[in-house]
Amino acid sequence: MKILSIESSCDESAVAVFDSEIGILESLIHSQIDLHALYGGVVPDLASSEHLKKLPFLIEKISKSQCLAEIDKICATCGPGLPNCLAVGVSCAAALALELKKPLFGVNHLRGHAYSPFISVHANSPRDFEKNLSSLLPHLGLTVSGGNTILFEIDENRRLNTIAETVDDAAGEALDKGAKLLGMPYPGAPLLEKATQGGKVDKSLFPYGQNRKIETDPNFSFSGLKTSLRYHLQKLTPSEIQQTLPDICASYQFAVIEQLRRRTEFFAKTRQYASIGISGGVSNNALFAETFERLAKRNRAKFLVADKAYRGDNAAMIAFAAFFSPSGCCNSEKSTLKINPSWQI
């Protein structure tokens, strides 16, 4: 089966082609980070305008390769995401479906992230994927990106169930907003991570949810963490902030990751998971990945993390999600799809 996919939920325009017998054949991405950095964050109207410019170019580039031959179906991200951005991608996919006379399907963006750690499992041996996958289920996964923090499990029948999610800011937002409070430009999370070098962690400096009982309140919350950073900075002079910046950044980053770890490990101990994985843009954070690799080892589970190429928003994970869980896709009628900006995982 060969699937062409389009992703345009936020500020990446992406097109990919996946072959179930080979793996990812093409994965093209146009990032808008430099554009939105001028405004300190994503500007929805600019994002949708960029999608209008770049998606046709990316589709044309793929059409000049041999990847479009024998396409079986076309899919696009229907949600969650920015409404105007989703609409552009869905419209492009619908036009392609009409032109190529192929069925059209809608994919949940969050499920794309959730399944992305299994892309490399498939790529290592497409022929043995079903057997290898069965040895990795049940799976405990954590998707952490700029806008989402979701803990979930995938059972032996590939059913995905949400266990916990954020009730306010996502972990990625907490890192970006923390960096902004420290005067770092957008996107700030990678800069904050870099600033932790040489810093000492003060575990008592910022809250990481240790006062909320996981048994009764399993969800994540990061808005209080951001507020505590603001109050801490107000007590310091600019000179003191500069002198203690590595310590502040290391302590703040620890508080974000420690809440993720504590709540994930609580559920990891409730049953024997064959694998534990992380996905989403925040999985690029080295401490986050190292912490969860140790967590998986302690719980005698295989550690899975999405390849770097598939951690941010991309179309390859959307195509793979359509292959991994066809029942999780929404079918189109007459080559049309409805967007769902608040679509839950």
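Just one of the listed residues (Lys338, Lys297) is of a type in the set (Lys, Arg) and not assigned by TED's automatic domain parsing to the domain that holds Ala174, namely Lys338.
Out of all the residues in region 188-203, is one or more closer than 27 Å to Ala274 by Cβ, buried (at least 20 other Cβ atoms within 10 Å of the Cβ) and at pLDDT 95 or above? Steps first, answer last, please.
As a first pass, look at region 188-203 and keep what is closer than 27 Å to Ala274 by Cβ: none.
Within region 188-203, none of the residues are closer than 27 Å to Ala274 by Cβ, buried (at least 20 other Cβ atoms within 10 Å of the Cβ) and at pLDDT 95 or above.
Scan region 166-175 for residues that are buried (at least 17 other Cβ atoms within 10 Å of the Cβ) and either hydrophobic (A, V, I, L, M, F, W, C) or touching a residue at least 60 places away in the same chain (Cβ under 8 Å) (or both) and jot them down. Ala170, Ala171, Gly172, Ala174, Leu175, listed by residue number. Counting residues in region 79-99 that are touching a Pro at 6+ places or on another chain (Cβ under 7 Å), without any contact (Cβ under 8 Å) to a residue 60 or more places away in the chain and not basic (Lys, Arg) gives one or more.
Out of everything in region 287-345 that is in a loop (DSSP other than H, G, I, E, B) and among the hydroxyl-bearing types (Ser, Thr, Tyr), what residue ends up being farthest from Val256 (Cα to Cα)? Working first, answer last.
Our first condition is that a residue be in a loop (DSSP other than H, G, I, E, B); within region 287-345, this holds for 299-301, 306-307, 311-315, 325, 329, 332-345.
Among the residues that remain, those that are also among the hydroxyl-bearing types (Ser, Thr, Tyr) are: 325, 332, 335-336, 342.
On the way: Ser325: 31, Ser332: 40, Ser335: 43, Thr336: 41, Ser342: 25 Å.
By that ranking, first place goes to Ser335.
For region 204-240, filtered to residues that are among the hydrophobic types (A, V, I, L, M, F, W, C) and assigned to a loop (DSSP other than H, G, I, E, B), the residue that is surrounded by the most Cβ atoms within 10 Å (Cβ to Cβ) is Phe222. Checking Phe57, Phe118 one by one, the residue that is of a type in the set (Phe, Trp, Tyr) and buried (at least 23 other Cβ atoms within 10 Å of the Cβ) is Phe118 and no other.
Take the residues in region 279-310 that are over 13 Å from the mean Cα position of the chain (by Cα) and of a type in the set (Gly, Ala, Ser), then tell me which one is nearest to Pro187 (Cα to Cα).
Narrowing region 279-310 to residues over 13 Å from the mean Cα position of the chain (by Cα): 286-304.
From what is left, the residues that are of a type in the set (Gly, Ala, Ser) are 286, 289, 296, 301.
Values: Ala286: 17, Ala289: 19, Ala296: 29, Ala301: 33 Å.
It comes out as Ala286.
Pairing each residue of region 115-141 that is among the basic types (Lys, Arg) with any residue that is outside any helix (DSSP H, G or I), provided the two are 6+ apart or on different chains, yields C-beta distances under 8 Å for Arg127/Glu21. At pLDDT 95 or above and outside the structural domain of Leu182 (by TED's automatic domain parsing), is that true of Glu50? Answer is yes for this residue.
Could you tell me which of the residues Lys177, Lys131, Lys102 is closer than 20 Å to Ala14 by Cα and either at pLDDT below 95 or of a type in the set (Lys, Arg) (or both)?
Criteria check complete, one pass: Lys102.
Of all residues being of a type in the set (Phe, Trp, Tyr) and touching a strand residue (DSSP E or B) at 6+ places or on another chain (Cβ under 9 Å) in region 283-330, which is surrounded by the most Cβ atoms within 10 Å (Cβ to Cβ)? Just the residue, please.
Step one: list which residues in region 283-330 are of a type in the set (Phe, Trp, Tyr), which gives 288, 292, 303, 310, 320, 323-324.
Then drop every residue that is not touching a strand residue (DSSP E or B) at 6+ places or on another chain (Cβ under 9 Å), which leaves 288, 292, 303, 310, 320, 323.
Details: Phe288: 24, Phe292: 25, Phe303: 17, Tyr310: 25, Phe320: 28, Phe323: 21.
Within region 283-330, the match that is surrounded by the most Cβ atoms within 10 Å (Cβ to Cβ) is Phe320.
Condition check ((1) touching a helix residue (DSSP H, G or I) at 6+ places or on another chain (Cβ under 7 Å); (2) part of a loop (DSSP other than H, G, I, E, B); (3) of a type in the set (D, E, K, R)) across all residues:
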| residue | (1), (2), (3) |
| --- | --- |
| Val15 | yes, no, no |
| Ile24 | yes, no, no |
| Ser27 | yes, no, no |
| Ala47 | yes, no, no |
| Lys53 | no, no, yes |
| Phe57 | no, no, no |
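From the list Leu35, Leu68, the one residue that fits, being more than 20 Å from the chain's Cα centre (by Cα), within 17 Å of Phe320 (Cα to Cα), at pLDDT below 95 and surrounded by fewer than 20 Cβ atoms within 10 Å (Cβ to Cβ), is Leu68.
The values are calculated or read from the model by the stated rules, or taken from the named source; none is laboratory data. Please read these numbers as outputs of a predicted model, since none were measured by experiment. Note that each Cβ is placed from the backbone with ideal geometry, even for glycine, and that neighbours are counted across all protein chains shown.
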